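Worksheet: one structure, shown below.
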Amino acid sequence: QLQLVESGGGLVQPGGSLRLSCAATGFTLEHSLDNYLIGWFRQAPGKEREGVSCISASGGLNSTNYADSVKGRFTISRDNAKNTVYLQMNSLKPEDDAIYYCAADGPWMRGLFRLCVLTEPSFGSWGQGTQVTVSA
């Protein structure tokens, strides 16, 4: 069973940067990270969980998608050899303060052209989350 573990959260001042990692394990013999689309979501206190960014697999040309609120500040990337997806977060704002979750959509046939969308029902596997606190 696919397992996702987030890391890299912490306390950062406004304007600072953090890089979150999402490490995937538990693949079957037939699958690897490249059979999955990966997304990052976040949930702030008292608010609903929202999509932040996602990245398709190589079949989808590793295309990316971002919420308007993070465009130009956050960058998602994947290293299939390390079974890890990253979220580089720059110019952090207090409104970025939240628990960040990574999630997986798949497994899909390798090479399938499938673009990721930031909708929770698309993602069947979730990590436990990592806290990001943006405060002076």
- Positive dipole terminus of region 87-130, leading residue within Gln128, Ile99, Leu118 (C-beta point charges): Leu118
- Query: Taking a label point 7 Å from the Cα of Lys82 along the Cα→Cβ vector, which residues of region 25-48 have an amide N closer than 20 Å to it?
  - Reply: 25-27, 32-41
- Task: Ignoring everything but the protein chains, give the 1.4 Å probe accessible area of Tyr36 in square angstrom, nearest 10.
- Result: 20
- Message: So if I take the centroid of the Cα atoms in region 2-62 and the same for region 70-131, what is the distance between those two points in Å?
- Response: 3
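May I ask for the Rg/Rh ratio of region 76-124, computed from Cα atoms with Rh as the Kirkwood radius, given to two decimals?
Rg/Rh: 1.01.
Quick one: putting +1 on the C-beta of Lys and Arg, -1 on the C-beta of Asp and Glu, what dipole do you get for the chain around its Cα centre, in Debye to the nearest 20?
Computed charge dipole of the chain: roughly 220 debye.
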- Note on the structure: Along the dipole axis of the chain (charges at Cβ: +1 for Lys and Arg, -1 for Asp and Glu; origin at the Cα centre), the most positive-end residue among Gly39, Ile55, Thr28 is Ile55
- Note on the structure: Note on the chain: C-alpha Rg/Rh, Kirkwood Rh, two decimals, gives 0.96
- Dividing the alpha-carbon Rg of region 40-109 by 2.2 N^0.38 Å yields what? 1.15
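The values are calculated or read from the model by the stated rules, or taken from the named source; none is laboratory data. Quick caveat, the model's predicted, so the values are computed rather than measured. All Cβ positions, glycine included, derive from the backbone under ideal geometry; neighbour counts span all protein chains shown. Quick note on the areas: whole protein, heavy atoms, side chains included, nothing else; ligands and nucleic acids left out. Shrake-Rupley method; radii C 1.70, N 1.55, O 1.52, S 1.80 Å.
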